[in-house]
Each structure stands twice: as structure tokens, then as C-alpha cells.
1. Is the range 239-252 home to any residue that is of a type in the set (Phe, Trp, Tyr) and at pLDDT below 80?
2. Looking at the range 1-22, which of its residues are modelled with pLDDT of 95 or more and not in a helix (DSSP H, G or I)?
3. Could you identify the single residue in Glu31, Glu65 that is among the acidic types (Asp, Glu), part of a helix (DSSP H, G or I) and within 19 Å of the chain's Cα centre (by Cα)?
4. Taking the residues in the range 211-225 that are of a type outside the set (Gly, Ala, Ser) and within 13 Å of Leu175 (Cα to Cα) as candidates, determine which candidate is modelled with the lowest pLDDT.
5. Have a look at Val43, Val53 and point out the one that is at pLDDT below 95, not small (Gly, Ala, Ser) and not assigned by TED's automatic domain parsing to the domain that holds Thr256.
6. Which of the residues belonging to the range 258-283 are part of a loop (DSSP other than H, G, I, E, B), within 30 Å of the chain's Cα centre (by Cα) and surrounded by 15 or more Cβ atoms within 10 Å (Cβ to Cβ)?
7. Taking the range 101-143, which residues are of a type in the set (Val, Ile, Thr), over 22 Å from the mean Cα position of the chain (by Cα) and within 16 Å of Phe14 (Cα to Cα)?
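The values are calculated or read from the model by the stated rules, or taken from the named source; none is laboratory data. Computed from a predicted model, the values in this text were never measured in an experiment. A quick note on method: Cβ atoms are made from the backbone with ideal geometry, for glycine too, and the neighbour counts reach across all protein chains shown.
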Amino acid sequence: MTVQPENRVVALGFFDGVHRGHCAILRRAAELARERGWGSAAVTFETHPRALVLGVAPDMITTLEQRSALIRAQGIDLVVALPFDEEMAETEPCEFAEMLRTCWRAGAVVCGDSFRFGRDARGTPETMRACGMEVFVCPPVTLGGAVISSTLIRRCVAEGALGRARQLLGRPFSLEGTVRSGYQRGRRLGYPTVNLMPEDGMLLPKRGVYAALAETGGRTYCAVTNVGTRPTFSDADIVSIESYLLDYAGDLYGQTVKVSFLKYLRAERPFGSGDELRAQIGRDIAQARTVCGRENCR
């Protein structure tokens, strides 16, 4: 029988992206828990609070499943994802602190200095202390003079600055989803692609062609990934994510593939013929091999 810890150190935050700043908070919570012989937990929300408060949420860097796995990878024992509904939005700050104590046995909490909670976001780390909770506040983590934040990472990804996003995240920006059937145009050109279907509401990179890594079935392949609307073949404004996996032969329909974006290669543009497009794809592949050659493909 597993013995439950008497107390826990609880990390607080939404943690979208689980970037380097988030990791500092999570590792501090795990470290304090080990020092005290307590358990550790992270309390977050299933959906972004702005979805309820403002009626619109930012595009997500990570799914809830990815977020939870990345949080646990920092040494956290338990991830609690609470629904952010009307009842939660109306919870007074000290009620929230009491819920942490009674429901999750929080003996201490760790958060960033910008963490806000409770009704109208009135709660601050000082409020948490006033409610009788031991609080540890982690200072912001900066890179090149800028505070690392999910907002900054979203901006970098949207602009195609994947190298900068990687520095901020501590890993490449990635999308994960199920492979769906496409139009087979890449196959007819001699470059069969997998069409990725991420969850709704996920952050997408700037439209264009990227050098990427594609992970599936325990293996990693160099890939050329197009984020866009296939202007050579269609005038529909429907964004798709298509990846050509170098040195792979097989059928991935229905399988889960994770695409990690390494470098923006060029803008998406229409071509006068299939032959012209085929020649450009060959040049894209050569560039991608150079970029991926610095990575650990296996």
C-alpha cells in the first residue's frame, strides 16, 4: 500500500509551454518537498482563465496532456488540473488557499511573483501569506534581458523565430497530433507527406516551410514541414501541417506523430508547375538535412 505524504509542496501556475521560467518554479517545489520529506504537486487549470473571463483564450503552446507530462518531468509527483468555471472564478483568495490545504494537503506553495488567483485575480503571493500559507516566490527567469513568458514564446513562434523560441522553452517548439488522410499530391510528386491534425486551439507557427524532426514509433526522422494552404494547388484558406519524413517508408494514417520545428526555411508560395515545385522541395530537403544533421536523429 502506498503511504500518502502528510503534506505537500504545491507549485501554482497555468504553466502553458512549461518553459524555463516555469521549470524553475517546478524544480524549486520538488526540491523543497525532498528536503522536508513531503510530496510535491502542481495545481493548474484545464483551460486558460481568459477563456471564461474575456471570452477568448490565447493559442496554447502545449496540450493539457503534454503540459502534465512536462510538469512531472521536473520531479513533481502529482499534477492537479482544475476546471476554471464560474464557481472557480468567484472563489475568494482565502477560500482558494483553504482548498489547497484541505483538498491537496498543501503545507507550502511555490509560485512566480506575477501569480494571481481568486475572484477578480485579487490574490497575490502576499495575499496567500496573509491567508496563513507558507509561500516561496521565484524571481522571473530572463534571457537576453527579456523575461521568459508564454506570451513572448507565442510571439516568437508566430514570427517564425524558432531558434529564439527554443532558447526560451529549453526545447524545440513542437506540435503533436494524429495523422489524417490528405490529397495525396505530395505522393504524386514523389514526396509523400503526413498530414498532422493537432487539437483545436493550438498555437501554429508562421506559414512557411521548416526543417523539423518528426517522432513516431520510438524513432526520430529529419523532416520538411509545410505550414500553410498549398497555394500551388488550392486557393482555399485552410491551414494544414504537412511533413515529408526523410528516409521513411510506410503508412502512418491514424498514428500519433510529434513534429518539432527547428528552423524556418522559406515562405510558402505558389509554383508554376509540379516540376518547379518538385525542384524546390529537393532544395528544401537538402537544407533540412543540414539543419537536422546537428540533431540526434535515431
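1. no
2. Arg8, Val9, Val10, Ala11, Leu12, Gly13, Phe14, Phe15, Asp16, Gly17, Val18, His19
3. Numbers: Glu31 fails: within 19 Å of the chain's Cα centre (by Cα).
It is Glu65.
4. The qualifying residue modelled with the lowest pLDDT is Thr216.
5. Values: Val43 fails: at pLDDT below 95.
The unique qualifying residue is Val53.
6. Glu268
7. Those that are of a type in the set (Val, Ile, Thr), over 22 Å from the mean Cα position of the chain (by Cα) and within 16 Å of Phe14 (Cα to Cα): Val109, Thr124, Val137.
For (1) assigned to a strand (DSSP E or B); (2) crowded, with 17+ Cβ neighbours inside 10 Å; (3) of a type in the set (A, V, I, L, M, F, W, C), each residue gets a yes or a no:
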position: Ala24; (1), (2), (3): no, yes, yes
position: Pro58; (1), (2), (3): no, no, no
position: Leu70; (1), (2), (3): no, yes, yes
position: Val79; (1), (2), (3): yes, yes, yes
position: Ala97; (1), (2), (3): no, yes, yes
position: Cys111; (1), (2), (3): yes, yes, yes
